[in-house]
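Participant: First, the structure itself, so that you have it in front of you.
The numbers here are math on the coordinates, done by the rules we state, and not lab data. No experiment lies behind these values; they were computed from the predicted model shown. Positions of Cβ are generated from backbone atoms using ideal geometry, with glycine treated the same way; all protein chains shown enter the neighbour counts.
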Amino acid sequence: MNSIPLDILCEQYFDVKDDLTELSVYLKPHDYQMFESGPWLFFNNDSGILPTQGWKGHLSTVLENSKITLETAVSVFKQFGCVYKVSRNEGILKILNNIHAPIQTANKFITFYPK
């Protein structure tokens, strides 16, 4: 599994909209744009382009805590104007949390880019 690209591992879930997807959209700050790419939902308050370099952080969670983790993180991101991306849905989060997930993305529920 860890030699297979994440996009290929997750493509069966790209069109799935579940409670986690709906919560991500609901929590979107009004002045942010949202777009989908691969296994991620991206939220940006600038030009719609994520930084290619610079500081970033990752948040991990188990499925049972994903909604409260997302709510807490987004409230901080709004306050500080952070750009972020989040797993599209619960199926993709399960893949990210799998012990055999690609090391580059393993356990990365949310990636954020502080200003």
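Participant: For segment 37-89, which residues satisfy the criterion of being hydroxyl-bearing (Ser, Thr, Tyr) and assigned to a helix (DSSP H, G or I)? Don't jump to the end; show me each part of the working.
Facilitator: Here is the first cut: in segment 37-89, the residues hydroxyl-bearing (Ser, Thr, Tyr) are 37, 47, 52, 60-61, 66, 69, 72, 75, 84, 87.
Within segment 37-89, Ser66, Thr69, Thr72, Ser75 meet the criteria.
Participant: List the number of the failed condition for Lys17; all other conditions in (1) farther than 20 Å from Tyr113 by Cα; (2) without any contact (Cβ under 8 Å) to a residue 12 or more places away in the chain hold.
Facilitator: Lys17 satisfies every listed condition except (2).
Participant: Oh, and also: Scan segment 93-115 for residues that are within 23 Å of Thr52 (Cα to Cα) and not in a loop (DSSP other than H, G, I, E, B) and report the count.
Facilitator: Residues meeting the conditions: 5.
Participant: Taking segment 76-103 as the search range and keeping residues that are β-branched (Val, Ile, Thr) and more than 15 Å from Trp40 (Cα to Cα), which one is surrounded by the most Cβ atoms within 10 Å (Cβ to Cβ)? Step through it out loud before you land on a result.
Facilitator: If we filter segment 76-103 for residues that are β-branched (Val, Ile, Thr), which is where we start, we get 76, 83, 86, 92, 95, 99, 103.
Pick out the ones that are also more than 15 Å from Trp40 (Cα to Cα) and you get 76, 99, 103.
On the way: Val76: 12, Ile99: 8, Ile103: 8.
Selected residue: Val76.
Participant: For segment 2-36, how many residues meet the condition of being in a helix (DSSP H, G or I) and surrounded by 15 or more Cβ atoms within 10 Å (Cβ to Cβ)?
Facilitator: Summing the residues that are in a helix (DSSP H, G or I) and surrounded by 15 or more Cβ atoms within 10 Å (Cβ to Cβ) in segment 2-36 gives 9.
Participant: Which residue, of Leu59, Leu63, Leu23, is of a type in the set (A, V, I, L, M, F, W, C) and in contact with a Ser or Thr (Cβ under 8 Å, 6 or more places away or on another chain)?
Facilitator: Within the list Leu59, Leu63, Leu23, the selection yields Leu59.
Participant: Condition first: surrounded by 15 or more Cβ atoms within 10 Å (Cβ to Cβ), within 22 Å of Val16 (Cα to Cα) and among the aliphatic types (A, V, I, L, M). Now tell me which residues in segment 64-75 satisfy that.
Facilitator: Leu70, Val74, listed by residue number.
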